[in-house]
Amino acid sequence: MKWDASYDVVVVGSGAAGLTAGLTAKLQGMKSLVIEKTDRYGGASAISGGALWIPNNHIIKGAGVPDTHELARQYLDSTIGDRVPEGLKEAYITRGPEMLRFLYNKTKHMRFQYAKGYSDYYPEKPGAYHRDAPLNHLFSI
């Protein structure tokens, strides 16, 4: 079999995570390809309104939101419990803010904004912000 092209990174799925992985590879000097099985790109993020929950990041801190690593841990523990390994939860809480900072520093147009008043899905859970308090969701702009 003869191959027509070669890539350093091949990403399966064109949702927010897949597109970010492809972009990150490109920004790191690699040749990337994102493939999608459907006739539309965007995955679940295309139908979710594009909202992200990345706790304790520079955008919400800049808006004065009192978010912390500990609150994010409480929220994850109270909503998903032990269905996700502790190491993955910790990686999300730690690396999510790093990812947003990386995209901000390395791109001109990949910007997010704080979505003040956007409700947490489970506002009654420990670690969540209540409806009348600032929330830590982000939207891409």
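The values are calculated or read from the model by the stated rules, or taken from the named source; none is laboratory data. Keep in mind it's a predicted model, so treat the numbers as computed, not measured. When we count neighbours, we look across all protein chains shown, and the Cβ atoms used for this are built from the backbone with ideal geometry, even at glycine. Heads up: the accessible areas ignore ligands, DNA and RNA and are worked out on the full protein's heavy atoms, side chains in. Shrake-Rupley method; radii C 1.70, N 1.55, O 1.52, S 1.80 Å.
Each principal axis of the Cα atoms in the chain has its own extent, and those three values, largest first, are 58, 35, 28 angstrom. On the range 1-117, 57 percent of the accessible area sits on carbon and sulfur atoms, based on a 1.4 Å probe. Principal-axis analysis of the Cα atoms of the chain puts helix 16-27 at an angle of about 60° to the longest axis. If you look at the Cα atoms of the range 68-108, you get an Rg and a Dmax of 12.3, 38 Å.
For the range 1-104, with every protein chain kept in place, what is the accessible area per residue (1.4 Å probe, Å²)? Please list the in-between numbers first.
Numbers: 6650 Å² over 104 residues.
For the range 1-104, the per-residue accessible area is 64 Å².
Output the antiparallel fraction of DSSP beta bridges having both residues in the chain, as a percent to the nearest 5.
On the way: 6 of 10 bridges.
Bridges in the chain that DSSP calls antiparallel: roughly 60 percent.
With an 8 Å Cα cut-off and a minimum separation of 6 or more residues, compute the relative contact order for the chain in percent.
RCO, the chain: 22 percent.
Between 55, 74, 7, the Cα set farthest toward the positive side of the dipole of the chain (charges on each charged residue's Cβ, about the Cα centre) is that of 7.
Charges at C-beta only: +1 for Lys and Arg, -1 for Asp and Glu. How large is the resulting dipole of the range 9-121 about its Cα centre, in Debye rounded to 20? Intermediate values should be presented prior to the final figure.
On the way: 14 positive and 10 negative charges, 122 e Å.
Dipole magnitude for the range 9-121 comes out near 580 debye.
Helix 86-106 and the long axis of the chain differ in direction by around 70°, with both axes built from C-alpha atoms.
Seen through its C-alpha gyration tensor, with square-root eigenvalues sorted a ≥ b ≥ c, the range 8-61 comes out oblate because a/c lies at 1.5 or above while a/b is not bigger than b/c. Cross-link partners of residue 26 among lysines, defined as those whose alpha carbon lies under 16 angstrom from its own and excluding same-chain residues fewer than eight positions apart: 106, 108.
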